[in-house]
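For reference, the structure discussed in these notes is given below.
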Amino acid sequence: NEESVKIFAAVFALNEGSAQSADGFQSRCRDCNQYRRRLLKAIRPVIEEMFLKQDGKCAICQKEISITVGAAAANHAHVDHNATNGQIRDLLCGPCNRGIGIFKDSPELLRAASNYVTKHASNVIQLEKKHG
């Protein structure tokens, strides 16, 4: 019913069209997201200072990111942190943040992935020459 949708919308954070969320809502509620930011001490002035220091770019890929409330999901800044000690590291774009998370923040796994991609880069070049 319409009242249930209003309550749900008030509690859960909008996801701005994520491919993983057909209904447009995140899987965590606003309070959980805010609680996590409070635990990290990621208050607005800290985020703004990081954003300026990074010249408005992702610390990994240098893609432009935004800290504007309601910014499009495609360029919304993510506060990256060390899951072990809770220390804030930098602001990242969504793909870079998810990428290092998928590799469990492991330098060894990330290096292995880099070596793997580098090893197979010549295959891509050969395919492009054949089909290009």
Once you have the Cα-Cα distance between Leu52 and Leu39, take 0.36 nm times their residue separation minus that, and quote the gain in nm to one decimal. 2.5 nm
Just read off the accessible area of Leu92 with the full protein assembly in place, 1.4 Å probe, to the nearest 10 Å². 10
For Ser114 the rounded accessible area (nearest 10 Å², probe 1.4 Å, non-protein molecules ignored) is 60
Projected label distance in nm at Glu108 and Ile88, using a 7 Å step from Cα toward the beta-carbon: 3.1
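The values are calculated or read from the model by the stated rules, or taken from the named source; none is laboratory data. None of these values were measured; they are calculated from a predicted model. Ideal geometry is used to build each Cβ from the backbone, glycine not excepted, and the neighbour counts take in all protein chains shown. In case anyone asks, the SASA skips ligands and DNA or RNA and just uses the protein heavy atoms, side chains included. Shrake-Rupley method; radii C 1.70, N 1.55, O 1.52, S 1.80 Å.
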